[in-house]
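Q: Provided herewith is a single structure, encoded as structure tokens, for subsequent inquiry.
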Amino acid sequence: PGYLGHYVALKTDEKTAIIGVKGTSGLEDMLTDACASSVEYNIDRPFYDGGGTALRCHEGIFLSSTRLADELDPLVKNLLVPSGYEIIVTGHSLGAAGSIMLGVLLRSRIPSLQQSQEKLKVYAFASPPILDSKSSEACMPFVTTVVNNCDCVPRANIAPALTTMKFMKRVDTKLKLKGLDM
């Protein structure tokens, strides 16, 4: 998994920081997308009240987002949070997935970001599924996702593909039993 391209923009008069995370645009990004195994990782602290430190997530997104969080952590912890900035993280596709994971990691590392839903917000456009169900639901207070009705990326998940394959095998078996196979 690679490096997530990003930028940080500050609107000092409104005390707003925007962290934009770039989507897939090259081979390295495609390899990050392709490292899609669902792996369990432990984070520093729970990212929500009552949560645990283990979460199951997209391997490539977790690793690349951890690198990004490591890079941005000093800026957020030592400048933005103490100065009272609202932090907005946003991205599209790979950038959306990285934005969500960055939000999770920052909330885990900086407990004050959990105290108010206004301190950290994530706007994710066409994010692929990257977290287990419980962790996804825990993101609802600070993550807003936007999905085009016809976009397949946000629905790209191994579980529906396996369900479809099982269904097709049952259909094939029934067709063979009726002599309708090819």
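Q: Which lysines, on any chain, are close to Lys166 with Cα under 22 Å apart, when same-chain ones fewer than 8 places away are left out?
A: The reachable lysines, counting only those whose Cα sits under 22 Å from Lys166, are Lys174, Lys176, Lys178.
Q: So what's the net charge close to Asp181: Lys and Arg +1, Asp and Glu -1, counting the other residues with Cβ under 11 Å from its Cβ?
A: Counting the neighbours of Asp181, the net charge comes to +2.
Q: By average Cβ neighbour count within 10 Å, what is the ranking of 126-137, 3-14, 107-118 from highest down?
A: Listed from highest to lowest mean packing, they are 126-137, 107-118, 3-14.
Q: On to the next question. Enumerate the helices in the chain for which the Kyte-Doolittle hydropathy averages -1.0 or more and the C-alpha atoms extend at least 20 Å along the helix's axis, using complete DSSP H runs. Present the calculation step by step, with values, prior to reporting the outcome.
A: On the way: long enough: 59-75 (25 Å, 0.09); 94-109 (22 Å, 1.10); 158-177 (29 Å, 0.15).
Flagged H segments are 59-75, 94-109, 158-177.
Q: Moving to a separate point now. Taking Lys169 as the anchor, which aspartates and glutamates have their alpha carbon closer than 14 Å to its alpha carbon, excluding any fewer than eight residues away along the same chain?
A: Straight-line reach from Lys169, under 14 Å: Asp181.
Q: How large are Rg and Dmax for the chain when only the alpha carbon atoms are used, in Å?
A: Radius of gyration, then largest Cα-Cα span, for the chain: 19.2, 74 Å.
Q: Straight distance only, please: which lysines reach the Cα of Lys134 with their own Cα at less than 24 Å, same-chain residues fewer than 8 apart left out?
A: Lys119, Lys121
Q: Roughly how many Å is it from the Cα centre of the range 91-145 to that of the range 1-59, as a whole number?
A: Cα centres, the range 91-145 to the range 1-59: 8 Å.
Read-outs throughout are calculated quantities, based only on the coordinates presented, and are distinct from any laboratory measurement. Keep in mind it's a predicted model, so treat the numbers as computed, not measured. Glycine also receives a Cβ, built like all others from the backbone with ideal geometry; neighbour counts cover every protein chain displayed.
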